[in-house]
Amino acid sequence: MGPEIMSVRSQHHVRPPDEDPPGSRRFLATLIGNLPGMVYRCENDPQWPFSFVSEGCRELTGWSSEDFVTRRVDYGEVIVPEDRQRIWEEVQLAVGLRKPFLLTYRITARDGTERWVWEKGCGVFDEQGHLLALEGVMLDISQQKTLEDQLLQAHKLEAVGLLAGGVAHDFNNLLTAILGYADKLAAQLPEGGEPQRQAGRILQAAQRAADLTRRLLSFSRRQPAEPRVFDLSE
């Protein structure tokens, strides 16, 4: 594991692992082991076969480093199919420009759960400029994505509430006129006649509509209305 770990180097030069003293290799192994997520070195291939991956891959994917290095499973198989082509294209673009790549995508862990991954990596080139491998780090951002989705949903609900409140307020003004004229009309019609009964039905329908607008206004305020009796003189 020690010699392979030393392959996690800069984008431009890879120092042979046997040039480093044992203490340096132990230090690097400890450092990588304590990092959140997983550190890797892989081929530039759509299946992303790992030549090295830190044991943090077990917590992220459910697969061990041995599973990946021995190709019992390739990382390309873990990526959600809908995201694979996009990832390939973005990595190839970055490698062609000799720039780091930054990715956010989904994987399916060994237990079947879907997780969100944040990845940053770069190409490793030899002195002649030939691409040797890709190296980088991956982090599990599933919880962060869940919080982002909840925040987005809250913003949507807030927008709906504002829209509902505006519509209900304007509609309530119209209903006030309908209720007023219907009540006045009912008072002027002969008692007990069919015209008065029809005016009464108008009043009932308008009152139900007014109740609905009050509920919409309560929703837009995010709190229920609390009617109370008060003295107009005061």
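Can you work out the Karplus-derived ³J(HN,Hα) for every residue in the range 183-200? Use 6.51 cos²θ - 1.76 cosθ + 1.60 with θ = phi - 60°, whole Hz, and x for glycine or proline.
Computed from phi, the couplings for the range 183-200 are 5, 5, 5, 4, 6, 8, 8, x, 5, x, x, 4, x, 5, 5, 5, 5, x Hz.
Note down the accessible area of LYS184, probe 1.4 Å, to the nearest 10 Å².
Solvent-accessible area, nearest 10 Å²: 120 Å².
Whole-Hz Karplus ³J(HN,Hα) for the range 76-85, in order, using 6.51 cos²θ - 1.76 cosθ + 1.60 and θ = phi - 60°, x for Gly and Pro?
x, 6, 7, 5, 4, x, 5, 9, 5, 5
Show ILE107, ILE141 ordered by accessible area, largest first, where the area counts protein heavy atoms only and the probe is 1.4 Å.
The most accessible residue leads, giving ILE141, ILE107.
Compare SER51, SER233 by solvent-accessible area with a 1.4 Å probe and give them largest first, with all protein chains kept in place.
Order by accessible area, largest first: SER233, SER51.
PHE125: accessible area at probe 1.4 Å, nearest 10 Å²?
Rounded to the nearest 10, the figure is 10 Å².
At 1.4 Å probe size, with no ligands or nucleic acids counted, give the accessible surface of HIS130 in Å², nearest ten.
That residue has around 110 Å² of solvent-accessible surface.
Setting aside same-chain residues fewer than 8 positions from LYS99, which lysines have a Cα under 22 Å from its Cα?
Correct list for LYS99: LYS120.
The values are calculated or read from the model by the stated rules, or taken from the named source; none is laboratory data. None of these values were measured; they are calculated from a predicted model. Just the protein is used for accessible areas: all its heavy atoms, side chains included, with ligands, DNA and RNA removed. Shrake-Rupley method; radii C 1.70, N 1.55, O 1.52, S 1.80 Å.
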